[in-house]
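Pasting in a structure now, in structure tokens, and then I'll have a few things to ask.
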Amino acid sequence: MILADLFSETYSNLFGNKVRSGLTMLGIVIGISSVIALVGVGQGATQQVTSSITSLGSNLIMISPGASRNAGPVSGGAGSATTLTMDDAEALKEQMTYAKAISTELSRRYQVTYKGSNTNAQVIGTETTYPTIRNVSLASGSFITDQQIQTYAKVAVIGPSIRDELIGENADPIGLTIKINKIQFKVIGVTATKGGSEINTSDNSIYVPISTAQRFLAGKSSISSIDIQAIDEKSVDAAQQEATNILLERHDISDAASADFRVQNQADIVSSLTSTTSTLTLLLGAIAGISLIVGGIGIMNMMLTTVTERTKEIGLRKAIGAKSRDISLQFLTEATMITFIGGLFGVLLGWAIATIMTKTGLMTAMVTWPSVLLAFGVAASVGIVFGFYPAQRAAKLRPIDALKYE
Amino acid sequence: MKPIIACANIVKTFVNGDVKTTVLKGLSFTVFPGEFLAITGPSGSGKSTLMHILGVLDSPTSGQYQLEQNDVSKMTDNQLAEIRSKRIGFVFQAFNLLPRISVLRNVELPLMYAGVPRAKRPSITHRALQKAGIDDPTHYHKRSNQLSGGQIQRVAIARALVNDPAILLADEPTGNLDQKTGQVVLETFQKLNDSGRTIILITHDQYVAEHATRIIKLRDGCIIEDSANKRSAEERIKTRL
């Protein structure tokens, strides 16, 4: 039996029973497309997290206060302590050798109003170096200057989303006066749209001088974080160690484990977040994989029914010269063909679902070649594995028994 | 002339649990090329079992069966498949054609399993169909449900002939047909025999058996009569005259 015969036999057998072949194929189509789409969702999430964290700035190290420790056993949440001060930042600026730039932050959410409209926004008190460290650029106007910090100037740089919401889309807000927590601020700049990330987007933030934020908004001299940009990628670890040592010494803490601050670099954050999303990918993939196995069992079921139904046919084929190998090959090809065609449609459907989800903004799903190949490979092996047993059963039928079968 | 089939003391016993049934009780006979042999007998006489053994679909419990001087009992499954493919042509009582494929594809099947290249198949297939009396090409692309019973049996004969086998084995080929169409099928066998084809016909019907040149009568697994059919020979001479 040559290959062309095998395929034409398979074709007429599968098309001879369109409904059944179609339904069996549907199981595989659903299995494969859900693998592709769901793994795509997981990978999309991973990619989004990675890119949003990279967009925070390059070679970034962030220091935040630790949990506040009171006399009692109850500890406050991380970042609730007011252990970081401007003096800490000054000391880091003076002593660090691996730092390219250092900037302080004091962030808190406030109600912001302009004429009739109002919104709630993250107001970040910061310094002149912030844009370089955090990879923020200006669309118009200028950023906060050292002089404005020294003079406690009530000036603000606003994100494009804030401008759109408060003043009007693409309006020119420079020189206008907005109210942050009922205090008047003059708008001096608008940052460029960064888009994308849900985490910590700069589009929704307002920047004011750190001194102004401390005196007029927060009413305290502590800071909520210190951002350090290391000289280059290689010196990130060294810079992190250096900053930790300086602060431990200043805070008079000998044991690093009981530090009242937290030093994290970008890679730490990326890896901790992507480990979550890869678990998500794995979980989604596993769920989809189950439907693929169910589809495979559907194939086995159909093939076994077919073998029983076609027992007389197998007998006839053997009587006119078919070898056992011809019979098993034929059934195996039928099973594999179903998964192959089902797999093809599954990949297309999964890809379409992922694209539609992404286009409609429901979710970012990324279909990658490895996931397509994996799904396809699994489908092909499902066909072979689940087709093997029925094929063997068909091949082992004795021609005489098969012919007599009623 | 060497015999095409030589059976010596063929015994076939079926075991079903504790019950042993001996269906064939030591049959011995030979068949020479060009014979038209009818094996006949009442139901339960063992004629179908004998046909399965002759067609190497089943093997005897004991005894020797030589097909064209080859001992069939010593062959592997694949070798037997090869014999069925090239040396024996089967015509069954029912379920001869696969319902999903056309007449041409049905007749082509033995060629496919024998490994004949695709390009050579149509001409062989057409010749076999013509020999079997299906010469209207409009039938070639029909399926079995679009054909009459007589046509189906003649397509089955064409398929049995397609690999040019040594023997044509027919198991009650007219069993499902009315007398008139049955007659057409039997005449097809006679014509093939006239051109030298060896045919073994299994039937319970004495009238059908009369078309053969030799009749073996079975009863309870034994041969009770093995004789040349003089009437058939006379009639043939008549028709030729």
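The values are calculated or read from the model by the stated rules, or taken from the named source; none is laboratory data. As the structure is a prediction and not an experimental result, all values here were calculated from the model. All Cβ positions, glycine included, derive from the backbone under ideal geometry; neighbour counts span all protein chains shown.
Listed here are the residues, each with its yes/no results for (1) in contact (Cβ under 8 Å) with a residue 24 or more places away in the chain; (2) within 14 Å of another protein chain (Cβ to nearest Cβ).
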| site | (1), (2) |
| --- | --- |
| B:Leu104 | yes, yes |
| B:Pro110 | yes, yes |
| B:Gly115 | no, yes |
| B:Tyr140 | yes, no |
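Tell me whether segment B:22-29 contains one or more residues that are surrounded by 21 or more Cβ atoms within 10 Å (Cβ to Cβ) and in contact (Cβ under 8 Å) with a residue 12 or more places away in the chain. So that I can check it myself, show each step before the final result.
Taking segment B:22-29 as the starting set, the residues that turn out to be surrounded by 21 or more Cβ atoms within 10 Å (Cβ to Cβ) are B:24, B:27.
Filter once more, keeping what is in contact (Cβ under 8 Å) with a residue 12 or more places away in the chain: B:24, B:27.
Yes, that holds for at least one residue.
Another question about this same structure. Go through segment B:182-241 and give me each residue that's of a type in the set (Lys, Arg), at pLDDT below 85 and touching a Ser or Thr at 6+ places or on another chain (Cβ under 9 Å).
B:Arg236
Residues are listed down the side, and each one gets a yes or a no for (1) touching an Asp or Glu at 6+ places or on another chain (Cβ under 7 Å); (2) assigned to a helix (DSSP H, G or I); (3) within 9 Å of another protein chain (Cβ to nearest Cβ):
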{"residue": "B:Gln64", "(1), (2), (3)": "yes, no, no"}
{"residue": "B:Glu82", "(1), (2), (3)": "no, yes, yes"}
{"residue": "B:Phe90", "(1), (2), (3)": "no, no, yes"}
{"residue": "B:Leu97", "(1), (2), (3)": "no, no, yes"}
{"residue": "B:Ala128", "(1), (2), (3)": "no, yes, no"}
{"residue": "B:Asp135", "(1), (2), (3)": "no, no, no"}
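Report yes if A:Ser221 is modelled with pLDDT of 90 or more, within 17 Å of A:Asp88 (Cα to Cα) and either of a type in the set (Asp, Glu) or more than 35 Å from the chain's Cα centre (by Cα) (or both), otherwise no. I'd like the intermediate steps shown before the answer.
Numbers: modelled with pLDDT of 90 or more: no; within 17 Å of A:Asp88 (Cα to Cα): yes; either of a type in the set (Asp, Glu) or more than 35 Å from the chain's Cα centre (by Cα) (or both): yes.
The answer is no for A:Ser221.
State yes or no: is A:Glu127 at pLDDT 90 or above, of a type in the set (Asp, Glu) and in the same structural domain as A:His251 (by TED's automatic domain parsing)? Write out each step before concluding.
Numbers: at pLDDT 90 or above: yes; of a type in the set (Asp, Glu): yes; in the same structural domain as A:His251 (by TED's automatic domain parsing): yes.
In short, yes.
Output the number of the condition that B:Pro165 fails; it satisfies all remaining conditions of (1) within 22 Å of B:Leu177 (Cα to Cα); (2) outside any helix (DSSP H, G or I); (3) in contact (Cβ under 8 Å) with a residue 40 or more places away in the chain; (4) more than 8 Å from chain A (Cβ to nearest Cβ).
Answer for B:Pro165: the failing condition is (1).
Let me ask something else about it. Counting only residues that are in contact (Cβ under 8 Å) with a residue 60 or more places away in the chain and within 14 Å of another protein chain (Cβ to nearest Cβ), which one in segment A:18-55 is nearest to the chain's Cα centre (by Cα)?
Step by step, filter segment A:18-55, then rank; the result is A:Ser21.
Is it the case, given these coordinates, that A:Ile353 is surrounded by 17 or more Cβ atoms within 10 Å (Cβ to Cβ), within 20 Å of the chain's Cα centre (by Cα) and not polar (S, T, N, Q)? I'd like the intermediate steps shown before the answer.
Numbers: surrounded by 17 or more Cβ atoms within 10 Å (Cβ to Cβ): yes; within 20 Å of the chain's Cα centre (by Cα): yes; not polar (S, T, N, Q): yes.
Taking the combined requirement at face value, the residue satisfies it.
Residue by residue, here is whether (1) surrounded by fewer than 17 Cβ atoms within 10 Å (Cβ to Cβ); (2) of a type in the set (Ser, Thr, Tyr) holds:
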residue	(1), (2)
A:Glu309	yes, no
A:Ile314	no, no
A:Leu329	no, no
A:Glu334	no, no
A:Leu362	yes, no
A:Thr368	yes, yes
A:Ala375	no, no
A:Val385	yes, no
